[in-house]
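Chemist: This structure is in structure tokens; I'll ask about it shortly.
The values are calculated or read from the model by the stated rules, or taken from the named source; none is laboratory data. Quantities reported herein were computed from a predicted structural model and do not represent experimental measurements. Every residue, glycine among them, receives a Cβ derived from its backbone with ideal geometry; neighbour counts consider all protein chains shown. For accessibility, only protein heavy atoms count, side chains too; no ligands or nucleic acids. Shrake-Rupley method; radii C 1.70, N 1.55, O 1.52, S 1.80 Å.
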Amino acid sequence: MRTAYSVETVRTAERALMARLPEGALMQRAAAGLAAACAGLLGRVYGSRVVLLVGSGDNGGDALYAGARLARRGAGVAAVLLAPERAHAAGLAALLRAGGRVVGAGADTVGGAAAAAGVGAVEEAILRADLVVDGIVGIGGKGGLRPDAAQLAACAAESRAAVVAVDLPSGVDADTGEVHGDAVRADLTVTFGTHKPGLLIDPARAYAGSVRLVDIGLDGELPDEAALEALQHADVARLLPVPGAESDKYRRGVVGIAAGSARYPGAAVLAVSGALRGGAGAVRYVGPAGDAVISRFPETLVSDRGPKHAGRVQAWVVGPGAGDDASTVAEVLACDVPVLVDADGLRLADRDAVRARTAPTLMTPHAGEAAALLGVSRETVEGARLTWVRELASRYGATVLLKGSTTLIADARGGAVRVNATGTPWLATAGSGDVLSGLAGSLLASGLSALDAGSAAAYLHGLAGRYAADGAPAGAHDVAAAIPEAWRDVRDAGH
Ligand SMILES: NC(=O)C1=CN([C@@H]2O[C@H](COP(=O)(O)OP(=O)(O)OC[C@H]3O[C@@H](n4cnc5c(N)ncnc54)[C@H](OP(=O)(O)O)[C@@H]3O)[C@@H](O)[C@H]2O)[C@@H](O)CC1
Ligand SMILES: [K+]
């Protein structure tokens, strides 16, 4: 499992660790890891051109010490100091001792005759660099980049140099993944001690490039509960239901699908297609699309009665393609088994009815649906996904899975939020959400908690999307068909 901790928690853990270590030891560990990552990216360090963008905090200190290490290996290293008088003094001294120089403001005072001053020299150095190291600001950052830093970030973006962010791409919010204004776009982010939530949640995640974690010995100081968790193959493998020798279809769980309408029979078919691949022993369908469902999936138990009289069900999925059928949604919500509410069901579900439920409820909106429920714009939700998924979970007293490039799953009672990173933009295709709802409902019926069912379903669905698309467009039914392959891969990695 990959975990991410808030800045406050990181600071506390760092203080505890620093108290037991010689002064500067942590920064040296960070700088060593950073320099190694930079060297790996450069390939050949000797003769390469490296520019350090150095802010006035310890993030800049990391960059300066890493720059010193690269300079000792023969790189030409130039530091751009955003606030020359406040740059990390010992780090700067180490860089100069190693043969590095300062370019731009402050060059004349600390860089000696070889240093060049002026904005033109800075831009030229960045544009000619092989590697730009972004040490402008790390976990001490507030808001988007200030104008002078933003100018450097823009120049780095123009350059052909690879950009390595120190701890975080400068300008992104470490705790939330929000980006308020300008931020550095990195090819690689080298982060220290633990991931920060912003590295795993869009939009900030997209600024980070690939992320490498450098161990600085922080693990023992971090609390058990993280702010954010990203499941990996082995974690999901542990969650997936495995039928025992004594299992029958009822013990494996029956999932009920109340979906589709005369206008949207396909939603019912797709939800069933996901449910059949989700581990439940049987799929029961109620609704007006029974003929379409049975002709595609003859193993489905089709009922022409309402949910209440359809027979035994361990979990319900309601809403995909439901149109305006509010009474079915209300009927399902009144059942005392886990319920997944998706698509039209989200609009039709009465908030008080959801809050009054005692069995688990899993709501699965995309950003647009979440925005409608919250009374804010879609852009607002997309810009602050963590805030809004928590808000929705708390308003409805439900587990909420907010779909998107980085899907988030939050429980109403708080605790670590899960983030799913297996998704692919190819999943943004009609009917893909219906498949996910069937799959998650099936996992709910086989006994997983709403948080685990949502996380495991998002994980498998993302992988299946990748397999189905493989770089080319795929339909939602292809995604459903690829779920067994994703399941097998995950299961095999868990053994
Ligand atoms: N603690 C540890 O043990 C270890 C910490 N480590 C490293 O330290 C980093 C944290 O260092 P930190 O606390 O010094 O803060 P940091 O991120 O450099 O930022 C502060 C500076 O940024 C400035 N600034 C703020 N907002 C800004 C903006 N929008 N745009 C532009 N500038 C902005 C702000 O300016 P001011 O407001 O003071 O004018 C202030 O000068 C951490 O991320 C990791 O890299 C590692 O070495 C491992 C051990
Ligand atoms: K940074």
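Chemist: Would you confirm, using the coordinates I've provided, whether A83 is near ligand 1 (Cβ under 10 Å from one of its atoms), at pLDDT 95 or above and either within 30 Å of G177 (Cβ to Cβ) or not basic (K, R) (or both)? So that I can check it myself, show each step before the final result.
Modeler: On the way: near ligand 1 (Cβ under 10 Å from one of its atoms): yes; at pLDDT 95 or above: yes; either within 30 Å of G177 (Cβ to Cβ) or not basic (K, R) (or both): yes.
Considered against the rule, which asks whether it is near ligand 1 (Cβ under 10 Å from one of its atoms), at pLDDT 95 or above and either within 30 Å of G177 (Cβ to Cβ) or not basic (K, R) (or both), A83 comes out as yes.
Matching residues to (1) within 11 Å of ligand 1 (Cβ to nearest atom); (2) under 20 Å from L386 (Cβ atoms); (3) open to solvent by less than 10 Å² (accessible area, probe 1.4 Å):
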{"site": "E158", "(1), (2), (3)": "no, no, no"}
{"site": "V163", "(1), (2), (3)": "no, no, yes"}
{"site": "D167", "(1), (2), (3)": "yes, yes, no"}
{"site": "G193", "(1), (2), (3)": "yes, no, yes"}
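Chemist: Right, another one. Quick one: which of R44, R101, R2 is among the charged types (D, E, K, R), closer than 30 Å to V490 by Cα, modelled with pLDDT of 95 or more and away from ligand 2 (no atom under 16 Å from the Cβ)?
Modeler: On the way: R44 fails: closer than 30 Å to V490 by Cα; R101 fails: closer than 30 Å to V490 by Cα.
One residue alone meets the criteria, R2.
Chemist: Can you work out which of the residues in the range 11-39 that are within 16 Å of ligand 2 (Cβ to nearest atom) and among the small types (G, A, S) is nearest to E221 (Cα to Cα)?
Modeler: So, considering only residues that are within 16 Å of ligand 2 (Cβ to nearest atom) and among the small types (G, A, S), the one nearest to E221 (Cα to Cα) is A30.
Chemist: Then there's this: Restricting the first residue to the range 52-71 and requiring it to be at pLDDT 95 or above, which pairs with a second residue that is in a helix (DSSP H, G or I) and near ligand 1 (Cβ under 8 Å from one of its atoms) meet a Cβ separation below 6 Å and a spacing of at least six or different chains?
Modeler: V54/G60; S56/R86; G61/M27; D62/A30; D62/A31; Y65/A31; A66/A31
Chemist: Further, regarding this structure: Out of (1) assigned to a strand (DSSP E or B); (2) surrounded by 24 or more Cβ atoms within 10 Å (Cβ to Cβ), the odd one out for G321 is which?
Modeler: Going through the list (1) assigned to a strand (DSSP E or B); (2) surrounded by 24 or more Cβ atoms within 10 Å (Cβ to Cβ), G321 breaks only (1).
Chemist: Within the group A275, A237, which residue is small (G, A, S) and either surrounded by fewer than 24 Cβ atoms within 10 Å (Cβ to Cβ) or not in a helix (DSSP H, G or I) (or both)?
Modeler: Numbers: A275 fails: either surrounded by fewer than 24 Cβ atoms within 10 Å (Cβ to Cβ) or not in a helix (DSSP H, G or I) (or both).
After applying the criteria, what remains is A237.
Chemist: Answer yes or no as to whether T387 is in contact (Cβ under 8 Å) with a residue 24 or more places away in the chain, at negative phi and open to solvent by less than 50 Å² (accessible area, probe 1.4 Å).
Modeler: Working: in contact (Cβ under 8 Å) with a residue 24 or more places away in the chain: yes; at negative phi: yes; open to solvent by less than 50 Å² (accessible area, probe 1.4 Å): no.
Answer is no for this residue.
Listed here are the residues, each with its yes/no results for (1) within 15 Å of ligand 2 (Cβ to nearest atom); (2) part of a strand (DSSP E or B); (3) under 12 Å from the mean Cα position of the chain (by Cα).
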| site | (1), (2), (3) |
| --- | --- |
| A165 | yes, yes, no |
| L168 | yes, no, no |
| V184 | yes, no, no |
| V190 | yes, yes, no |
| G198 | yes, no, yes |
| I201 | no, no, yes |
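Chemist: Could you tell me which of the residues G198, G279, G209, G217 is more than 16 Å from ligand 1 (Cβ to nearest atom) and in contact with a helix residue (DSSP H, G or I) (Cβ under 9 Å, 6 or more places away or on another chain)?
Modeler: Details: G198 fails: more than 16 Å from ligand 1 (Cβ to nearest atom); G209 fails: in contact with a helix residue (DSSP H, G or I) (Cβ under 9 Å, 6 or more places away or on another chain); G217 fails: more than 16 Å from ligand 1 (Cβ to nearest atom).
Residue meeting the stated conditions: G279.
Chemist: Any residue in the range 169-180 that is within 8 Å of ligand 1 (Cβ to nearest atom), open to solvent by 20 Å² or more (accessible area, probe 1.4 Å) and free of Cβ contacts under 8 Å to residues at least 40 places away in the same chain?
Modeler: no
Chemist: Which residue out of G57, G47, G67 is within 16 Å of ligand 1 (Cβ to nearest atom), surrounded by fewer than 24 Cβ atoms within 10 Å (Cβ to Cβ) and over 30 Å from Y459 (Cβ atoms)? Even if it seems obvious, please write down each step before you answer.
Modeler: Details: G47 fails: within 16 Å of ligand 1 (Cβ to nearest atom); G67 fails: surrounded by fewer than 24 Cβ atoms within 10 Å (Cβ to Cβ).
Going through G57, G47, G67 in turn, just one is within 16 Å of ligand 1 (Cβ to nearest atom), surrounded by fewer than 24 Cβ atoms within 10 Å (Cβ to Cβ) and over 30 Å from Y459 (Cβ atoms): G57.
Chemist: Considering only the range 133-155, how many residues are closer than 20 Å to L64 by Cβ, within 14 Å of ligand 1 (Cβ to nearest atom) and assigned to a helix (DSSP H, G or I)?
Modeler: 4
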